[in-house]
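Visitor: Provided herewith is a single structure, encoded as structure tokens, for subsequent inquiry.
The values are calculated or read from the model by the stated rules, or taken from the named source; none is laboratory data. Everything numeric here is computed off the predicted structure, so don't read it as measured data. Here the Cβ positions follow ideal geometry from the backbone for every residue, glycine too, while neighbour counts run over all protein chains shown. Accessible surface is based on the protein model in full, side chains and every heavy atom, while ligands, DNA and RNA are left aside. Shrake-Rupley method; radii C 1.70, N 1.55, O 1.52, S 1.80 Å.
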Amino acid sequence: MKYSAFSIARNALTGHRHWPRQWRSPAPQPRYDVVIVGGGGHGLASAYYLAKEHGITNVAVLEKGWLGGGNTGRNTTIVRSNYLLDESAALYEHSLQLWEGLSRELNYNVMFSQRGVLNLAHNTGDVRAGRRRAEANRLNGIDSHWLDTAGVAKVCPILNTSPSLRYPVLGSTFQPRGGVARHDAVAWGYARGADARGVDIIQNCEVTGIRRDGNAVTGVETSRGFIGAGKVALVAAGHSSVLAAMAGLRLPLASHPLQALVSEPVKPVLHNVVMSGAIHVYVSQSDKGELVIGAGIDGYNSYAQRGSFHVIEGQMAALIELFPIFSRLRMLRSWGGIVDVCPDASPIISKTPVDGLYINAGWGTGGFKATPGSGHVFAHTIARDEPHPLNAPFSLARFTSGALIDEHGAAAVAH
Amino acid sequence: MLRIPCPWCGPREEIEFHCGGQAHIARPCDPAALTAAEWADYLFMRDNPKGVFAERWVHSAGCRRWFNVRRHTVTHEIVAVYRIGEQPPPDGAS
């Protein structure tokens with residue numbers, strides 16, 4: 001159905017009892033042309049673009065839990081494209097441009113809010129890296145620029161820019177087109193769009209094995225039986241290594257907890273996204289009024305979707321240092337997601353040595369921002385059996401060739 | 001917060017330690033003879049099991065010594081702790 005002001009008015013008159021379900025809940029078919037493993041934003045976006053751009057609609061998305069219940073629902077929803085290297089800038093900017101038209105594209109309000117992203121610098125190394133990144137961004141046509149301390153104070157007046165800080169704010173990069181989006185709506189919007197084009201979205205269906213005939217993939221074993229597939233695409237974030245191992249592949253990934261938390265809701269007070277890689281916190285204010293706060297990963301491997309309290313303690317100390325005004329806010333809830341960290345802090349969107357098996361993984365701490373672009377180029381990779389020019393550099397083969405794409409600085413999250 | 005039994009100092013809080021990733025990765029004896037794929041495997045490819053994982057930790061704010069831990073990556077239970085150079089105790093895990 002088409003959402004509109006008219007449909008809202010009509011359903012209001014009938015007590016909102018007649019809204020149709022946004023997608024079907026079909027039983028799995030015995031075979032699909034493409035099976036996508038993982039019903040998060042990236043998997044659903046991949047299915048959507050497979051159907052829309054490539055006309056491949058005999059597709060299933062298998063999700064072991066519920067849609068968007070993994071990292072899609074657990075991140076801090078920051079969207080930006082201010083990455084240093086040409087390869088990353090092109091990929092993330094492609095994604096940002098898709099974000100800019102996404103609500104209209106999906107006829108679904110993803111609440112994309114381009115409120116600007118600050119990446120603060122607290123020492124001369126930060127300043128050099130930040131300026132270099134901003135200039136590199138400008139050469140790539142990305143709207144990032146450098147602000148001095150006074151400029152930062154103007155953009156974000158509640159930020160403590162006093163020189164008496166232990167690590168004073170010496171400046172910041174600023175990307176005005178960056179911002180935040182409503183994470184659940186992204187998954188739901190893509191799910192609805194994919195479903196409308198014939199994609200089967202199958203929840204509570206865990207993949208337990210990948211079947212091969214020689215070097216070609218033939219399907220997946222699941223908790224709901226065997227499902228045949230011409231092509232299998234793994235988009236499982238923290239569980240990518242576990243799935244790849246089912247196909248006999250080893251990946252350069254380590255799964256870590258990444259925690260976040262929200263405060264009690266308050267009136268609008270913070271109008272941008274503020275990130276500090278050095279003293280390490282990032283924060284924005286949701287439309288509900290809660291501060292959404294994140295920082296670095298826990299140092300050990302884990303699949304537990306929880307982490308250690310001292311990480312939260314550290315990020316709250318950094319938050320209070322930067323925003324003394326928040327010192328009396330109470331925190332409401334915290335959670336963890338499992339992120340698949342790559343050695344060069346860049347993703348893997350790639351074919352694999354197994355025929356018909358594709359992988360989209362390694363987004364680590366920064367996958368949400370790339371959801372539309374990732375799905376878009378991954379769909380191309382699956383449909384054509386060759387990478388889109390934008391994701392060709394992000395192949396699994398780069399770890400053998402040595403052509404790594406080191407974005408630890410721009411990732412802005414400690415690994 | 002994990003409570004990690006350092007084999008030299010006894011049980012201490014996690015904040016005194018740093019995790020050094022997968023244990024028992026031997027540096028190749030003849031590096032010049034390695035193919036690019038073998039280098040990639042040594043440098044980048046890692047076990048990342050959902051289950052018991054052999055990893056190294058260093059007691060940074062204590063004795064500053066490295067040691068090995070076998071820890072479950074879902075329950076975070078520490079199954080075994082042993083010194084560098086020692087064989088892991090048999091616990092049935094890979």
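Visitor: Can you give me the angle between helix A:41-54 and the longest principal axis of chain A, using Cα atoms only, in degrees from 0 to 90, rounded to the nearest 10?
Guide: So the inclination is approximately 60 degrees.
Visitor: Leaving out ligands, DNA and RNA, and with a 1.4 Å probe, what % of the accessible surface on the protein assembly as shown is carbon or sulfur?
Guide: Roughly 53 percent, rounded to a whole number.
Visitor: Using a Gaussian network model of chain A with C-alpha springs under 10 Å, which one of A:401, A:223, A:255 is most mobile by mean-square fluctuation?
Guide: A:401
Visitor: Within a Cβ distance under 11 Å of residue A:375, other residues only, what is the Lys/Arg minus Asp/Glu net charge?
Guide: Result for the local shell: 0.
Visitor: Give the interface area between chains A and B as buried accessible surface, both sides summed, probe 1.4 Å, in Å² to the nearest 100.
Guide: Chains A and B together bury roughly 2000 Å² of accessible area.
Visitor: Further question on the same structure: A drop of at least 40 square angstrom in accessible area, chain alone versus all protein chains together, probe 1.4 Å. Which residues of the range B:70-87 meet that?
Guide: At a threshold of 40 Å² (probe 1.4 Å), the residues of the range B:70-87 that become less exposed are B:73, B:76.
Visitor: Right, here's the next one. Using a Förster distance of 22 angstrom, determine the FRET efficiency expected from the C-beta separation of residue B:80 and residue B:43, and round it to 0.05.
Guide: Efficiency at R0 = 22 Å is approximately 0.25.
Visitor: Related question: Rounded to the nearest 0.05, what FRET efficiency do residue A:109 and residue A:21 have when you use their Cβ-Cβ distance and R0 = 22 Å?
Guide: Computed FRET efficiency for residue A:109 and residue A:21 comes out at 0.75.
Visitor: Next question, about the same structure. Between A:11, A:71, A:107, which gets the highest mean-square fluctuation from a Gaussian network model of chain A, Cα cutoff 10 Å?
Guide: In the Gaussian network model the winner is A:11.
Visitor: Can you give the angle from 0 to 90° between the axis of helix A:309-322 and the longest principal axis of chain A, with both taken from C-alpha atoms, to the nearest 10?
Guide: On a 0 to 90 degree scale, this one is about 50.
Visitor: May I pose another question? Could you please put B:45, A:331, B:1 in sequence from largest to smallest accessible area, using a 1.4 Å probe?
Guide: B:1, A:331, B:45
Visitor: What accessible surface, in Å², does a 1.4 Å probe find on residue B:39, ignoring ligands, DNA and RNA and rounding to the nearest 10?
Guide: Using a 1.4 Å probe on the heavy atoms, I get roughly 70 Å².
Visitor: Less than 13 Å Cβ to Cβ from residue A:196, Lys/Arg counted +1 and Asp/Glu -1: what total charge do the surrounding residues give?
Guide: Local charge sum for residue A:196: +3.
Visitor: Which order do A:131, A:192 take when ranked by solvent-accessible area (1.4 Å probe, heavy atoms of all protein chains), largest first?
Guide: Correct descending sequence by accessible area is A:131, A:192.
Visitor: Can you give the FRET efficiency for residue B:34 and residue A:333, using 1/(1 + (r/R0)^6), R0 = 41 Å, r = Cβ-Cβ distance, to the nearest 0.05?
Guide: Rounded to the nearest 0.05, the efficiency is 0.25.
Visitor: Here is a further query. Just which residues of the range A:246-264 lose 40 Å² or more accessible area with every protein chain there, against their chain alone, with the probe set to 1.4 Å?
Guide: So the qualifying set is A:250.
Visitor: Report the local net charge at residue A:239: Lys and Arg +1, Asp and Glu -1, summed over other residues whose C-beta lies under 12 Å from its C-beta.
Guide: With Lys, Arg at +1 and Asp, Glu at -1, the neighbours total -1.
Visitor: Also, quick follow-up: Too long at a 23 Å Cα-Cα cut-off: which of A:2/A:267; A:64/A:231; A:267/A:369; A:154/A:369; A:52/A:351?
Guide: From A:2/A:267; A:64/A:231; A:267/A:369; A:154/A:369; A:52/A:351, over 23 Å: A:2/A:267; A:267/A:369; A:154/A:369.
Visitor: Once you've got the GNM for chain A with C-alpha springs shorter than 10 Å, pick whichever of A:237, A:304, A:194 has the biggest mean-square fluctuation.
Guide: A:304
Visitor: Let me ask another. Go through A:99, A:23, B:66 and list them by solvent-accessible area, largest first, probe radius 1.4 Å.
Guide: In descending accessible area the options line up as B:66, A:23, A:99.
Visitor: Rolling a 1.4 Å sphere over the protein heavy atoms, what is the accessible area per residue of the protein assembly as shown, to the nearest Å²?
Guide: 42 Å²
Visitor: With no other cysteine's Cβ closer than 4.7 Å, which Cys residues of the protein assembly as shown count as lacking a disulfide-compatible partner?
Guide: Singleton cysteines: A:156, A:205, A:342, B:19, B:29, B:63.
Visitor: May I ask you to compute the full-extension gain from residue A:414 to residue A:218, defined as 0.36 nm times their residue separation minus their alpha-carbon distance, rounded to one decimal in nm?
Guide: Residue separation times 0.36 nm, minus the Cα-Cα distance, leaves 66.7 nm.
Visitor: Let me ask something else. Round to the nearest 10 and report in Å² the accessible area of residue B:16, as given by a 1.4 Å probe over the protein chains' heavy atoms.
Guide: For residue B:16, solvent-accessible area is about 40 Å².
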